[in-house]
Structures are given as structure tokens and as C-alpha cells.
Amino acid sequence: MSEFSPIFLYLMISLLLSLLLLGLPFLFSSTSSTYPEKLSAYECGFDPFGDARSRFDIRFYLVSILFIIPDLEVTFSFPWAVSLNKIDLFGSWSMMAFLLILTIGFLYEWKRGASDWE
């Protein structure tokens with residue numbers, strides 16, 4: 001059980017810090033200077049117009065997926081680089097295959113014009 005004590009300590013510190021950061025604004029906030037205009041949903045002065053449930057262009061989702069690819073590469077490359085001296089040739093070539101598959105996917109999306117906003 002003693003090998004898990006740093007993890008429990010980290011979890012307790014992070015829980016206390018997050019509760020502190022969530023509760024701290026309530027201690028310093030003031031409710032005496034509020035008025036109805038400030039509490040309204042549209043404090044900029046404009047009446048709401050249009051529908052809030054409008055459709056988004058598919059390019060926004062495509063760009064977000066394209067930004068996930070480098071994050072995925074870094075996420076899997078870091079543990080591989082840390083344990084590089086312990087893995088055999090199989091581990092090295094399996095990572096190269098993984099990076100090749102991601103690169104082929106990225107090149108395919110680039111060739112299809114996924115990043116073009118025309």
C-alpha cells in the first residue's frame with residue numbers, strides 16, 4: 001500500500017486545490033451591486049436574433065480532427081521515447097508503422113483539401 005501513497009497524496013492535493021479554486025470566487029464576490037440589467041442574458045443591449053440551433057459547417061469538425069492527429073502522435077511517442085532503451089527492434093518498428101499510418105492519413109486529408117477554406 002505504501003507504493004500507492006504518492007498517488008493518493010497527489011489526488012488529495014489536486015482535489016483540495018480544485019475545491020479551493022472553485023470556492024474562492026464566492027468569498028470575494030459581491031451581490032449587493034447587482035441590478036436586473038446586469039443579470040439579464042443579453043447584457044450587450046441587443047435583442048436576441050436568429051436561431052441558436054444553427055448548423056455548423058463540417059469544416060470546423062474536420063479541422064478539429066486534423067488537430068487531434070499531432071496530439072495523438074505526441075501522446076504515443078513520449079512513452080515510446082522514454083522506454084526506447086528497453087524495447088527491442090519490434091517496438092521500434094511498430095512505432096514507425098504507427099507514425100507511417102498517421103502520416104499517410106494526414107497526407108490523404110491534405111491532398112483532399114481538408115485544410116482549404118474555399
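With each label modelled as a point 7 angstrom along the Cα→C-beta vector, the Leu66-Asp116 pair spans 1.1 nm. Maximal additional length on extending the Trp93-Trp80 stretch stands at 3.6 nm, based on 0.36 nm per residue less the C-alpha distance.
Every number in this text was worked out from the coordinates using simple rules, so none of it is lab data. Predicted model, so just to flag it, every value in this text is computed and none were measured. Note that we place each Cβ from the backbone using ideal geometry, even for glycine, and neighbour counts take in every protein chain shown.
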